[in-house]
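Asker: Have a look at the structure that comes next, please.
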Amino acid sequence: MRRRRTALTVAGSVAGVAALAAALAFGGGPVTTPDRTPPAAASYGGLTLVAYQGPQPKHFVIDKVPAGYFVQADDYGGLTIAPDRVRHPSPGVDPSKDPMYDPLDLQGKIAVYVEQQAYHADVSGEPVTVGGFPAILHTVDTTRQLLIKVSPTVFATIQVDVPLTRDQILELGAGLHVSQEAIDRAANATSSKHD
């Protein structure tokens, strides 16, 4: 889905440049076009974090979520936080046609998962401290991840595909508390994979 979106964006940009070049070549004068550069707030920011009011997940405690978001999926390995509009799907909703209803599809959502540090051996980004833990903030395409080192071998990763600022992502991370059971499961999975 992301590749298709990128291809459409590139195709649209190429078409726009070609049209502008043709207008300059055949029109004989400069052409003014509206500024289509998105403001910084359009790419990051725009949502407000609020205190989470729903039932706490079994293996996590979350202090804040974006206003109008809820926990769509919860298991020991992770969470999916999605917009309220997909909270109560009508009986005929097909998640394959509207992936926002699929808790495993993470586009346009926030994902939280606990995983082995080995998965992130080569990750680079901005080193930060979140809730007293060392962390790395990095970007992959338009998705940003905050990797919080919750134990010597385990990261709690917050994957953000919604318009939050850097500071909001750090605030979200500071308000994430992972149960020891979830950390131990991930650590044991690491040990059994690498022994």
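Asker: So, in region 116-137, of the ones that are in a strand (DSSP E or B) and buried (at least 16 other Cβ atoms within 10 Å of the Cβ), which residue ends up modelled with the lowest pLDDT?
Answerer: So the residue we want is Gln116.
Asker: Mind checking which residues of region 92-115 are closer than 20 Å to Ser179 by Cβ and either aliphatic (A, V, I, L, M) or surrounded by fewer than 12 Cβ atoms within 10 Å (Cβ to Cβ) (or both)?
Answerer: Of everything in region 92-115, those that are closer than 20 Å to Ser179 by Cβ and either aliphatic (A, V, I, L, M) or surrounded by fewer than 12 Cβ atoms within 10 Å (Cβ to Cβ) (or both) turn out to be Ile110, Ala111, Val112, Val114.
Asker: With the condition kept exactly as written, say whether any residue in region 141-148 is β-branched (Val, Ile, Thr), surrounded by fewer than 19 Cβ atoms within 10 Å (Cβ to Cβ) and at pLDDT below 95.
Answerer: yes
Asker: Here is a further query. What number of residues within region 53-72 are in a loop (DSSP other than H, G, I, E, B) and touching a residue at least 40 places away in the same chain (Cβ under 8 Å)?
Answerer: Residues flagged as in a loop (DSSP other than H, G, I, E, B) and touching a residue at least 40 places away in the same chain (Cβ under 8 Å) within region 53-72 amount to 3.
A quick yes/no check of all residues on (1) touching a Gly at 6+ places or on another chain (Cβ under 8 Å); (2) farther than 25 Å from His59 by Cα:
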residue	(1), (2)
Ser90	no, yes
Val93	no, yes
Leu106	no, no
Ile110	no, no
Ala118	no, no
Ile136	yes, no
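The values are calculated or read from the model by the stated rules, or taken from the named source; none is laboratory data. Small disclaimer: the values here were computed from a predicted structure and weren't measured. Ideal geometry is used to build each Cβ from the backbone, glycine not excepted, and the neighbour counts take in all protein chains shown.
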